[in-house]
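Student: The structure that follows is given in the form of structure tokens.
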Amino acid sequence: MLYQIYETQRALMEPFADFAQAASKLYSTPMSPLGKTSLSQRVSAGYDLLYRLGKDYEKPTFGLQTIEVDGTNIAIHERVEIDKPFCELRRFKRFTDDIHTLTQLKGQPAVLIVAPLSGHYATLLRDTVKTMLKDHKVYITDWKNARLVPLSEGEFHLDDYVNYVQEFIRHLQGIYGNCHVMSVCQPTVPVLAAVSLMASRGDLTPLTMTMMGGPIDARKSPTAVNNLAMNKSYEWFESNVIYKVPSSFPGAGRRVYPGFLQHTGFVAMNPNHHAKSHYDYFQDLIKGDDVGAEVHRKFYDEYNAVLDMDANYYLETISTVFQDFKLVNGTWNVRGVDGKIELVKPQDISQTALLTVEGELDDISGSGQTRAAHDLCTGIPTSQQQHYEVQGAGHYGIFSGRRWREMVYPEVKAFIKAHSQVAAASTPSTTTPATPAALASPAPVATVAEKPEAPAPVARKATARKPAAQKA
């Protein structure tokens, strides 16, 4: 019922938001007589703020058209590699006609970025993707809004999340021989489970796992987010935050945790900050500070765009991660696509290097929660484990913004590069190096994502790799 009331209220607000937008433009346009009045700037700013408070925020786009690598512009083509009922594996394919750059980029490692399914869209990691593209072949999980998934597609469980991750890893391994995995926030838990299950079966596991700001052990330094999940019962969540999608959407009738409730929770964590941000935006409009106003718009266009999560996935995450702590207690069983139930055993991972990243001021995943992965992955040699704490960084600062680009990314890049070199040195080459003539394709634009067909994956020895410093 609450969801239907919310949608009714949103529909009623829509014409008022459109009116506010039109009025704002009317008072700010120099050609309009109203735009020449003494209070026109202030009235326009007020209407603009009203419009942004009342508008509906749709899913943003990544909008990555080009990047610059060593002074060369690289074209980016975004495409869906695998389309699953609840997720798209999105690939950012790079193109260039510069032979030297092409040769350089072809040999770069492939990275699967697993974006969080916790209310916001994968575009929240736009800065992460853009930065990673300079030195890596990048794929990302783009989770779908559950209210747009018809009931005929079935339910989505936490086990399905783990199975999706395994499928995507195998897809990259099939193309490149192997890959690296980076998880940001919520997916650190299912990614660790996915790699653990692969290791337990004796499957080829990723070369590295980079885990950033995630609740591996939510008992450590609990935050307000953790406390809410821990202090309320499973039944409370099921009764108070789960609603059915209204009939106006393709997923009508699906039980979900609505995105608007998640957004309300985000704002409630720091209401004074958001109120001040909107007031500053109003002042920027009055002063004519277009740069400051555009920064505000870009942030809230992303922040206010939220998605619904399938109720089964949401409730199982609450239970598994924040109440029963099944991962750290060794009691988490996952049902695979074949119906077989397997116990998650992180200690079985031995051939995947581990990097954990935490923000000093993270108020969503507290200090020590991500680092706890090292205590679980006892089969990984200590020389292949690394932890990095980002001084002065909050939760978003470890994967977006200046601290991500200047402090975190160099560490991630070096870690991935070092272990890519170790893997290359231990794997005999079975391909013939391309000659300059072969690289000089007659096509005017060449893709850097394509490479000679990868040989069958070579099982790495069960011996510890040499420390990264010896290979740097």
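The values are calculated or read from the model by the stated rules, or taken from the named source; none is laboratory data. Predicted, not measured: the structure shown is a model, and the values here were computed from it. Heads up, the Cβs are rebuilt from the backbone with ideal geometry, glycines too, and the neighbour counts pull from every protein chain shown.
Student: Considering only the range 275-324, state which residues are charged (D, E, K, R) and under 21 Å from THR61 (Cβ atoms).
Tutor: GLU294, ARG297, LYS298, ASP301, GLU302, ASP308
Student: Condition test on THR352, is it under 30 Å from GLY253 (Cβ atoms) and at pLDDT 95 or above?
Tutor: no
Student: Follow-up. Just for the range 254-283: of the residues that are over 25 Å from the mean Cα position of the chain (by Cα) and surrounded by 12 or more Cβ atoms within 10 Å (Cβ to Cβ), which one is farthest from LEU117 (Cα to Cα)?
Tutor: It comes out as GLN283.
Student: Give the residue that is surrounded by the most Cβ atoms within 10 Å (Cβ to Cβ), with candidates limited to residues of the range 208-238 that are touching a Gly at 6+ places or on another chain (Cβ under 9 Å) and closer than 23 Å to ARG255 by Cβ.
Tutor: In this case the residue turns out to be VAL225.
Student: With respect to the numbered conditions (1) hydroxyl-bearing (Ser, Thr, Tyr); (2) closer than 20 Å to ILE286 by Cα; (3) surrounded by fewer than 16 Cβ atoms within 10 Å (Cβ to Cβ), which one is the sole condition not fulfilled by THR8?
Tutor: (2)
Student: If I ask for residues that are exposed (fewer than 14 other Cβ atoms within 10 Å of the Cβ), modelled with pLDDT of 95 or more and of a type in the set (A, V, I, L, M, F, W, C), which ones from the range 389-429 would you list?
Tutor: Scanning the range 389-429 gives no hits.
Student: Hey, could you check the range 18-30 for residues that are under 17 Å from TYR57 (Cα atoms) and crowded, with 17+ Cβ neighbours inside 10 Å and say which is nearest to the chain's Cα centre (by Cα)?
Tutor: My answer is GLN21.
Student: While we're looking at this one, here's another question. Tell me, please, whether a residue that is within 24 Å of TRP143 (Cβ to Cβ) and either outside the structural domain of PRO116 (by TED's automatic domain parsing) or surrounded by 16 or more Cβ atoms within 10 Å (Cβ to Cβ) (or both) can be found in the range 31-54.
Tutor: no
Student: Which residue pairs have Cβ atoms under 8 Å apart, sit 6 or more places apart or on different chains, and have a first residue in the range 228-247 that is under 19 Å from PHE325 (Cβ atoms) and a second that is hydroxyl-bearing (Ser, Thr, Tyr)?
Tutor: As it stands, the answer is TYR234/SER319; PHE237/TYR314, since those pairs meet every condition given.
Student: Quick one: ASP159 ticks every box in (1) within 25 Å of ILE67 (Cβ to Cβ); (2) surrounded by fewer than 24 Cβ atoms within 10 Å (Cβ to Cβ); (3) touching a strand residue (DSSP E or B) at 6+ places or on another chain (Cβ under 6 Å) except a single one, so which number is it?
Tutor: Result: ASP159 fails condition (1) only.
Student: Looking at GLU406, GLU389 in this structure, which one is among the acidic types (Asp, Glu), touching a residue at least 12 places away in the same chain (Cβ under 8 Å), outside any loop (DSSP other than H, G, I, E, B) and in the same structural domain as ALA115 (by TED's automatic domain parsing)?
Tutor: GLU389
Student: Answer with yes or no whether VAL357 is crowded, with 21+ Cβ neighbours inside 10 Å, within 22 Å of the chain's Cα centre (by Cα) and either modelled with pLDDT under 95 or more than 25 Å from GLU235 (Cβ to Cβ) (or both).
Tutor: Yes.
Student: Mind telling me which of the residues HIS120, HIS136 ends up being of a type outside the set (Gly, Ala, Ser) and more than 21 Å from ALA305 (Cβ to Cβ)?
Tutor: HIS136
Student: Something else: Name every residue in the range 284-315 that is among the β-branched types (Val, Ile, Thr) and crowded, with 17+ Cβ neighbours inside 10 Å, in order of residue number.
Tutor: If the condition is that a residue be among the β-branched types (Val, Ile, Thr) and crowded, with 17+ Cβ neighbours inside 10 Å, then VAL306 is the only one that fits.
Student: Counting just the residues of the range 326-354 that are on the phi < 0 side of the Ramachandran plot and among the small types (Gly, Ala, Ser), which one comes out surrounded by the fewest Cβ atoms within 10 Å (Cβ to Cβ)?
Tutor: Applying the filter and picking the extreme gives GLY336.
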